[in-house]
Amino acid sequence: MRVGIIGSGSMGHAHARAWRALGVDFGIYSRDAPRAAQLAAEHGGDTYPDLGTLLADVTLADVCLPTFLHRETVEAAARAGRHVVCEKPLALSNEDAAAMVAACEAAGVRLFVAMVVRFFPQYRFARDLVQAGRIGTPRVLRLRRVSSPPYGGHSWFADETKSGGMILDLMLHDIDYALWTAGDVQQVYARETRVGTRHYAQAALTHVSGALSLIESGWAYPDGLFRTAIDLAGSSGLIEWNSDAAPTIRIVHGKQRHATPGVSLPVISAAADPFVLQFNHVLDALQREVPFDVTPGEALGALRVALAVRDSARSGRAVTLEAAT
Ligand SMILES: NC(=O)c1ccc[n+]([C@@H]2O[C@H](COP(=O)([O-])OP(=O)(O)OC[C@H]3O[C@@H](n4cnc5c(N)ncnc54)[C@H](O)[C@@H]3O)[C@@H](O)[C@H]2O)c1
């Protein structure tokens, strides 16, 4: 097994560390060759001079590029006959995403979309409790995820034609979690607000089951803050967790002088690094030839709902989703 990581930014780094922790050999190709060399040296991998050389040499291509480059890169990997891990969101449109899934199927290669939130132990545990009936029938899911704008709001992330914007990039995690936990969604309604590079949105998702998900997301905090929370209420119980472990009041004030050097990530425990858990699952599912926990169909479903939420936030109107075909 040899992994070819494509891209050496915040995800290239997190993935290199995780593959290494699992003892998997890897090489990196990135347009930023010095950074790729640095990551390779730090985590015991090597580098490739271009995408073609990487694809000719690896078992699995791990796409950690800006979202607008996902489609062409995943399709090139599929043509080369390589299994694919692709960072979320899979693509910027339903059409691109469906074409990527079809290309992998046609080439007979496996596609895993890296919805890492499913591998955060607290999120997985809470969902397992729901599935086991511990809160009865799920009725209201409240999910929160707010960070500072990636790279201080000055990178490709800020260009919605390249990243899809905050709803596709960040809220997608909780949309996927809501679908995974409470099933298909039939209608969404969202509101958003923007101040400079900061963008905040709230979405209400009505599930076919009758459950309601209320999702709050933003690239809206000052640098260095990343808060996540879940609050799952069912007919006979409640599960709560939030990332603010310290029961104190934190005061953040003043103008931020420095942009965050990269993308903020939630606090990660070394004992249970979700990126390691995620790739451990990928290795296991490949070896046992069983479906991934995030199926391509689920990744398409999450993107479809995220695009509907973004449409609703832009228009101010509720959007009804057609039943998935
Ligand atoms: N799972 C998560 O929690 C999470 C967090 C952040 C980002 N992401 C996703 O991961 C993907 C990558 O995000 P990132 O934060 O690593 O971005 P980044 O900007 O930090 O890194 C992008 C990397 O791609 C390289 N690159 C850009 N264009 C290239 C090209 N044409 N050829 C080769 N290399 C090129 C850049 O040099 C850089 O190394 C995005 O889809 C993003 O939405 C996921």
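The values are calculated or read from the model by the stated rules, or taken from the named source; none is laboratory data. Every value quoted in this text rests on a predicted model; they were computed, and no experiment measured them. FYI the Cβ positions are ideal-geometry reconstructions off the backbone, even for glycines, and counts take in every protein chain you see.
If the condition is being in contact with a strand residue (DSSP E or B) (Cβ under 8 Å, 6 or more places away or on another chain), of a type outside the set (Lys, Arg) and surrounded by fewer than 16 Cβ atoms within 10 Å (Cβ to Cβ), then region 193-213 contributes Thr193, Val208, Ser209, Gly210.
Considering region 91-134, and only residues there that are under 13 Å from the mean Cα position of the chain (by Cα) and closer than 30 Å to Ala233 by Cβ, the residue that is surrounded by the most Cβ atoms within 10 Å (Cβ to Cβ) turns out to be Val113. The lone criterion from (1) within 10 Å of the ligand (Cβ to nearest atom); (2) among the β-branched types (Val, Ile, Thr); (3) more than 28 Å from Arg71 (Cβ to Cβ) left unmet by Val117 is number (3).
The conditions of being crowded, with 23+ Cβ neighbours inside 10 Å and away from the ligand (no atom under 16 Å from the Cβ) are met by Ala178.
Checking each residue in region 152-177 for being closer than 25 Å to Ala233 by Cβ and either without any contact (Cβ under 8 Å) to a residue 60 or more places away in the chain or among the β-branched types (Val, Ile, Thr) (or both) picks out Ile167, Leu170, Asp174, Ile175.
Among residues of region 1-55 being closer than 14 Å to Arg82 by Cβ and β-branched (Val, Ile, Thr), the one that is nearest to the ligand (Cβ to nearest atom) is Ile6. Whenever a residue of region 55-75 is more than 16 Å from Cys104 (Cβ to Cβ), its partners that are away from the ligand (no atom under 13 Å from the Cβ) and modelled with pLDDT of 95 or more, lying with C-beta atoms within less than 8 angstrom and at least six residues away or across chains, give the pairs Ala56/Ala80; Asp57/Arg2; Asp57/Gly27; Phe68/Thr161.
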